[in-house]
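Computed from the coordinates by the stated procedures, all read-outs in this text should not be read as laboratory data. In this text, all values refer to a predicted model and were calculated from it rather than measured experimentally. Every residue, glycine among them, receives a Cβ derived from its backbone with ideal geometry; neighbour counts consider all protein chains shown.
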Amino acid sequence: MLKELIQDGYGIKEDLNCAEIILGGANQVYHLNLNSDSLRLAAAFGGGMAIESICGVLTASLMVLGKLFVPDIAHKHPEIKELSKELFDIFEKEMGDILCKPLKDNYRTEEKKCREVILKAAEILDKIVARELKNLSKDRPLTKFADKLFE
């Protein structure tokens with residue numbers, strides 16, 4: 001889903017940063033119903049929040065998970081913490097870090113930019129989203145945005 005959209009070049013022509021690519025692409029494939037104003041929320045998260053801290057693909061992925069799986073407020077849904085930890089753990093295991101600086105040092109090229117990092121995050125996010133949507137039960141409410149993926 002998201003990985004395929006990004007593989008097809010989403011975000012290149014638009015010159016989006018890593019966080020914008022994840023959130024904007026997820027908005028399309030997961031039907032998040034975010035408008036262009038809302039998508040700008042990811043702008044400052046690229047480049048590890050511009051200070052090469054936590055990678056923007058991860059912060060944007062957290063936004064996506066929250067939008068899909070938190071129907072009201074996070075405190076009522078502790079499973080979002082589990083999903084967040086899983087995302088970070090898998091990403092770090094597969095990519096070697098969660099911080100922008102070492103990820104850029106190891107994966108960024110002038111030609112491809114951080115595309116490999118973005119694709120890996122998209123792949124992990126796709127797997128988590130697909131599994132969670134499949135496993136949702138009646139005692140764990142589905143957000144109206146996640147519900148559209150079942151249509």
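A few remarks follow.
- Using only side-chain charges placed at the Cβ, +1 for Lys and Arg and -1 for Asp and Glu, the dipole size of segment 2-150 relative to its Cα centre rounds to 320 debye.
- Each Cα pair under 8 Å and six or more residues apart adds its separation to the average, and for segment 2-150 the resulting relative contact order is 29 percent.
- Residues considered: ILE73, ILE128, ILE21. Largest GNM mean-square fluctuation over the chain, using C-alpha springs under 10 Å, is found at ILE73.
- A Gaussian network model of the chain, with springs between Cα atoms under 10 Å, assigns the largest mean-square fluctuation among ALA121, ALA19, ALA74 to ALA74.
- Residue among LYS85, LYS101, LYS13 with the largest mean-square fluctuation in a Gaussian network model of the chain, springs linking Cα atoms under 10 Å: LYS13
- Relative contact order, whole percent, for segment 1-70 stands at 32, derived from Cα pairs under 8 Å and 6 or more residues apart.
- Subset of LYS13/LYS101; LYS76/LYS112; LYS81/LYS101; LYS93/LYS113; LYS104/LYS134 violating a 32 Å alpha-carbon distance limit: LYS76/LYS112; LYS104/LYS134
- Ordered by the count of other Cβ atoms within 10 Å of each Cβ, fewest first, ARG131, ARG115 give ARG131, ARG115.
- Projecting the Cα atoms of SER38, CYS18, THR59 onto the charge dipole of segment 2-150, computed from C-beta unit charges around the Cα centre, puts SER38 farthest toward the positive end.
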